[in-house]
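Worksheet: one structure, shown below.
Every number here is computed from the coordinates shown, using simple stated rules; none is lab data. Since the structure is predicted, the reported quantities are computational estimates derived from the model, not experimental observations.
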Ligand code: ADP
């Protein structure tokens, strides 16, 4: 039996996993255990068998999953039941998604005690994510201490951003003493689709100026030259930049003290509003783009406004980043919305012919985010190439983990 590599994404109440065959990184099984610690945890695994539809198995009814340790145990049982992996001890390696690597981690690393301490020290920068990512690492080490484990950071790809782009124009000591700067997120996805786009175009990544648009529940944009990220739209936290499902993106910071003083809102409430009740949801009451587009089509005005705001902001960033790059070879759409919505793609580039960006209506209409498929939706063949590239963060984490383990 070929060896297996496991990718884990450990959230505050969930454990998502994907198992790959080594070294070709074919996905064998994937799934999630959700609502860990809740009344009725939900868990499933999908097992792929070549050429056939994946088969889905569920966690037995009445199974209790108190914490992440038990979730890992249940995942291992699901692997065993479905005959994809006998035991975690047999793994070639484990790749963990870690949200924040600060300025310390510019690349994926083999995890040891020191790496774990550093991830812990970064908790103040990512209080919602790093603690659960770390918990995933700890329980995996308990379950299989001898298996090499690699941390792959969402922020690492953006560490090439120059200081004039990552600094905020606030007193410099807030950066030097407190690390307040722009970090950027979704790095694994931006780096994956950039590499895939270059391969598809048959050109070295080193020669390309790219803008990648990751449009999912969270949304961000990156300017990439020669494979190096020059700027990205998310900042100190994932709140900055594009309009998102429930996050506001760029706003005037003076709105915060205004809300505090005049609406008597506390800091926690303001943070909650900006992260959970803003963005698409704040404007039209829901964040699911599929539903919003149905309402937009039926003439709903709030849904229409939300869609216009969402795509206008994207267009602004495309313009800005074309300036940052001094030109553009290729624009990439990815993420649930970027891969699947012709309307959003069309509206986001509407009027950008002046930058050489034009899409073909028919190619755009039929492009979908089917795994592995890349579609060129640009019009003609002379201007900027516009591609729809399905992202696969787990695949990229697996690839990076494999590289780190192979290189010792
Ligand atoms: P996440 O950021 O949580 O990983 P995804 O990348 O899966 O999320 O993106 C989720 C978003 O993609 C949702 O807003 C969903 O409505 C949207 N989406 C998925 N399919 C379509 C589609 N066919 N048309 C428009 N939006 C879609």
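Taking the chain as a Gaussian network, Cα atoms linked when under 10 Å apart, which of 197, 151, 29 shows the biggest mean-square fluctuation?
Judging by the Gaussian network model, the answer is 29.
So what is the relative contact order of the chain, in percent, for Cα pairs below 8 Å that sit 6 or more residues apart?
Contact order relative to length: 14 percent.
Using a ≥ b ≥ c from the Cα gyration tensor of the range 62-173 (square roots of the eigenvalues), is it rounded, prolate or oblate, where a/c under 1.5 gives rounded and otherwise the larger of a/b and b/c decides, a/b for prolate?
Numbers: a/c = 2.84, a/b = 2.20, b/c = 1.29.
Cα axes put the range 62-173 in the prolate bin.
Based on the alpha-carbon set only, what is the convex hull volume of the chain divided per residue, in Å³?
Roughly 166 Å³ of hull volume per residue.
Taking the Cα centre of each part, how many Å lie between the range 49-74 and the range 382-408?
26 Å
Given the options 42, 137, 170, which has the most mean-square fluctuation in a GNM of the chain, springs set between C-alpha atoms less than 10 angstrom apart?
170
Could you tell me which of rounded, prolate or oblate describes the range 20-116, using a ≥ b ≥ c as the square roots of the eigenvalues of the alpha-carbon gyration tensor, with rounded for a/c under 1.5 and, failing that, prolate when a/b is larger than b/c and oblate otherwise?
On the way: a/c = 2.09, a/b = 1.27, b/c = 1.65.
In terms of gyration-tensor shape, oblate.
Mean-square fluctuation check for the chain, GNM, Cα pairs under 10 Å: which of 242, 208, 274 is largest?
274
Rounded to the nearest 500 deg cm²/dmol, what is the calculated helix-only ellipticity per residue at 222 nm for the chain, with -39500 (n - 2.57) per DSSP H run of length n ≥ 4?
Result for the chain: -11000 deg cm²/dmol, rounded to the nearest 500.
In whole Å, what are the extents of the range 293-408 along the principal axes defined by its C-alpha atoms, from largest to smallest?
The Cα atoms of the range 293-408 stretch 56, 33, 25 Å along the principal axes, largest first.
When only Cα pairs under 8 Å and 6 or more residues apart are kept, what is the percent relative contact order across the range 245-349?
After rounding, I find 23 percent.
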